[in-house]
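Novice: Have a look at this one before I ask anything.
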Amino acid sequence: MPRWLKLRGYSFRQLLGLIIIIAFATLGILAPYLGLYDPNQSSMDILQGASATHWFGTDELGRDILSRDIYGIRVSLAVGLGVGVFATVIGVPIGLFAGYSRGRTDLVILQIIDLFVALPALILALLITAIIGSTTINIALVLGFVMWPQMARLVRGQVISVRETVYVEAARALGSSAVWIMRRHILPNVMRLIIAQFAITVAFGIFSSASLSFLGLGVPPPTPDWGTMVREGVQFLTFCPLMSITPGAAVTLTVLGFYLLGSKDD
Amino acid sequence: MLSHITRRILLMIPNVLAMTFLLFATVSSFLGSPAAAMLGQEASLQDIQALDKQYGFDKPIIVQYFDWIGHALRGDLGRSYTSQQSVAEALLPTIPLTIELSLWAIVLAVVMTVLLNSLPFARRLIQPVTTVLAVIGITIPNFMLGICLIYIFSVQLRWLPTTGWVPWSAGAGSHLLHIILPAVTLSANYFGSFTLVYREEYKAAYRQLFIKVARAKGLSELRVSLVHALPNAILPVITYIGLSLGPLVGGAVVTEIVFSMPGVGRLFVGAISAHDFPVMLAVGILVIFGVMVANLISDIVYTSINRQVALG
């Protein structure tokens, strides 16, 4: 990457991701003030193609697709951030504890983590969501529950390398408690990794929640939800492709934004 | 070697039991009495209790669980609530399709990864393109890629059939034509992640002494990369295949729905929307079991190849 593209320690990738996220978040927050059609207002103009009045056309109930795409940002970001928060709240303490305690405790926790990592997360999420009901908070909880192990595993790995440093040993020699050492000396060193993994978790939270709603387990209608919109639009793919392709592209771009923000440069 | 395999197998048994029990307990406790669900809202309490007794829903969860396992081991997975078909009857015909689709996707992803990231001219010329493709492959949801491919290749160009599936018996050509788009759709994610893993390993292999020796001997770049670097870089990808089988099943479910293919995924999603408890449970547990076994196999393959590398 050329040097001028590096802005205060961010790589080109991360900046690109950040720009995408900021653009989407702004659109989502400002949605009511943009002079859009009401996303849930049906009209007689059904299944229209793109035009000056409806940029992305209208769906089978005559609702404006652009407006539904933009309002869909809200649900997606809420679920994605929720997944990130839940996965972090469960994963980070477990990873810290496993890495710091080592020995048998570590082995047992690692076994559990490996077991979870290998499981078909989407299948589990489908089963649990189907049973407890697909509200925004439930979807975020379920996906957070299937995604914490990756966070825990990464944190554990980093903690193991940090806990061998001289300053941690010095702190231990001075008689600091384990909790103090973890908070004061280990956590700050793991923070960068946690933030990056948080972004990745949000990306896959959005990815998986869109897959869930595509399979029919989305936030209940009429709330605009990208996965559900694609699901409903597929049957009109031949003559009204914008109806399923624009929300699909929105999912892809948002996931891409968070993924780029959290991934490291090649 | 043998002791390693036995240890892994022994370790897997409690894992499988714990995992499937958790699933069984969650599903049963949240669903409430399946008898009530079967009889509908007007059923009297006596009727529900009678049916509970008949099916054994009144016993403690752990007893029900071992009953279920016992029956499952004898090939009896229960009966679907909606179709009154036995679960095994509904499930068995769907399995080959899902396995075939997954295999095609994995093979396609590995071949593309190796081709685009190890041939010398490809590495030099299209490296940035491969990176972009890999990142998009990782972040694009299966349903989005699926409908884009359908729109381009079936609706606009009319080269390939839109959806559906044709069995081998109806002609290999037609069968393969129907499976191209689903296989590409499912492989995109794996192409992306395999590329990241493979590149890292490839670079690491390239820094090693034997590569320098091979090049100093005057071997061509092509030979160095295919004969010397590739075998070393492919090993971690094999482990990674094992680890990515879980997500692969999830992707297969979505892909089967997009292309309306009668596989395990469609059966599962259909059962979920119909609240068909026995089918949901049986498919969920079997998929988890299958993923664990496949993981074990990939681990064994990896260890044995690794030994050979170490010895040779």
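Every read-out reported here was derived from the displayed coordinates using simple, explicitly stated rules and does not represent laboratory data. Everything quoted here is computed from the prediction, not taken from an experiment. Quick reminder, even Gly has a Cβ in these numbers, built from the backbone with ideal geometry, and neighbours come from all protein chains shown.
Novice: Going through the range B:186-284, which trypsin sites (Lys or Arg not before Pro) have at most 11 other Cβ atoms within 10 Å and a DSSP loop state?
Specialist: B:R207, B:K217
Novice: Then there is this: In the range A:161-266, which GluC sites (Glu not before Pro) fall in coil by DSSP and have 16 or fewer other Cβ atoms within 10 Å?
Specialist: Here the sparse-neighbourhood loop sites are A:E164.
Novice: Amide H of B:R79 versus every other amide H placed in the peptide plane: which residues, excluding those fewer than 5 positions away on the same chain, fall under 5 Å?
Specialist: Counting only residues 5 or more places away or on other chains, the set is B:V87.
Novice: So what are the radius of gyration and Dmax for the Cα set of the range A:110-266, in Å?
Specialist: 20.2, 73
Novice: Could you state the principal axis extents of the C-alpha atoms in the range B:139-209, from the largest down, to the nearest angstrom?
Specialist: Cα extents, longest axis first: 53, 28, 18 Å.
Novice: How big is the protein assembly as shown on each of its three principal axes, counting only the C-alpha atoms and giving the largest first in Å?
Specialist: Taking max minus min along each principal axis of the Cα atoms, the protein assembly as shown gives 78, 64, 61 Å.
Novice: What distance in nm separates the two pseudo spin-label positions at B:Q85 and B:A204, each 7 Å out from Cα along the beta-carbon direction?
Specialist: According to this spin-label approximation, the distance is 4.7 nm.
Novice: Which value, in Å to one decimal place, does the Kirkwood hydrodynamic radius take for the range A:11-68 when every pair of different Cα atoms is included?
Specialist: Radius from the Kirkwood sum: 12.8 Å.
Novice: What ranking do A:240-250, B:267-277 get when scored by the average of other Cβ atoms within 10 Å per residue, highest first?
Specialist: Result, highest mean first: A:240-250, B:267-277.
Novice: Further, regarding this structure: Among residues other than A:Q41 whose Cβ falls under 13 Å from its Cβ, what is the net charge (Lys/Arg +1, Asp/Glu -1)?
Specialist: Once positives and negatives cancel, what remains is -2.
Novice: Does the range B:233-295 come out rounded, prolate or oblate by the C-alpha gyration tensor, with a ≥ b ≥ c the root eigenvalues, rounded set by a/c under 1.5 and, if not, prolate when a/b is larger than b/c and oblate if not?
Specialist: Oblate, since a/c reaches 1.5 and b/c is not below a/b.
Novice: Now for a separate question. Dividing the convex hull volume of the Cα atoms of chain A by its residue count, what figure in Å³ per residue is obtained?
Specialist: Per-residue hull volume (Cα only) is 164 Å³.
Novice: Could you work out the mean count of beta carbons from other protein chains within 10 Å of each residue's beta carbon in B:254-261?
Specialist: 2
Novice: What are the radius of gyration and Dmax of the range A:1-135, computed over its Cα atoms and given in Å?
Specialist: Cα radius of gyration and Dmax of the range A:1-135 are 22.1, 68 Å respectively.
Novice: Projected onto the charge dipole of the protein assembly as shown (+1 at Lys/Arg Cβ, -1 at Asp/Glu Cβ, origin at the Cα centre), which of B:S86, A:A152, B:I62 gives the Cα projection farthest towards the positive end?
Specialist: A:A152
Novice: With every atom except the alpha carbons ignored, what do you get for Rg and Dmax of the range A:221-265, in angstroms?
Specialist: That works out to 13.1, 41 Å for Rg and Dmax.
Novice: For peptide B:126-135, how many partner chain Cβ atoms fall within 10 Å of a residue's Cβ, on average?
Specialist: Partner-chain Cβ atoms within 10 Å, mean over residues of B:126-135: 1.
Novice: Next question, about the same structure. Need one value for A:237-245: mean number of C-beta atoms belonging to other chains within 10 Å of its residues' C-beta atoms.
Specialist: Per residue, the number of nearby Cβ atoms from other chains is 3 on average.
Novice: Summing Lys, Arg as +1 and Asp, Glu as -1, what charge do residues with Cβ under 14 Å from the Cβ of A:Q197 carry, A:Q197 excluded?
Specialist: Net local charge, A:Q197 excluded: +4.
Novice: Let me ask something additional. Taking loop as defined by DSSP and a crowding limit of 11 other beta carbons within 10 Å, which trypsin sites (Lys or Arg not before Pro) in the range A:180-266 fit?
Specialist: A:K264
Novice: Using a 7 Å offset from the Cα along the Cα-to-Cβ direction at both B:H4 and A:E169, what is the distance between the two label points in nm, to one decimal?
Specialist: Placing both labels 7 Å beyond Cα along the Cβ direction yields 3.2 nm.
Novice: Would you mind giving the average projected area, over all directions, of the Cα convex hull of chain B in nm² with one decimal?
Specialist: Here the figure is 20.9 nm², rounded to one decimal.
Novice: I need the calculated FRET efficiency for the pair B:F289 and B:H175, taking r as the beta carbon distance and R₀ as 22 Å, to the nearest 0.05.
Specialist: So the FRET efficiency works out to roughly 0.20.
Novice: Moving on to the next point. How many percent of the alpha carbon pairs in the range B:131-257 exceed a separation of 26 Å?
Specialist: Beyond 26 Å sits 41 percent of the P(r) for the range B:131-257.
Novice: Please list the equivalent ellipsoid semi-axes of the range B:186-312, computed as the square roots of five times the alpha-carbon gyration tensor eigenvalues, in descending order and whole angstrom.
Specialist: In descending order the semi-axes read 41, 16, 9 Å.
Novice: Turning to a different aspect of this structure: With r defined as the distance between the Cβ atoms of B:A274 and A:R183 and R0 fixed at 60 Å, what FRET efficiency is calculated, to the nearest 0.05?
Specialist: 0.75
Novice: Also: At a Förster distance of 60 Å, what's the computed FRET efficiency of B:A216 paired with B:Q46, Cβ-Cβ distance as r, to 0.05?
Specialist: 0.10
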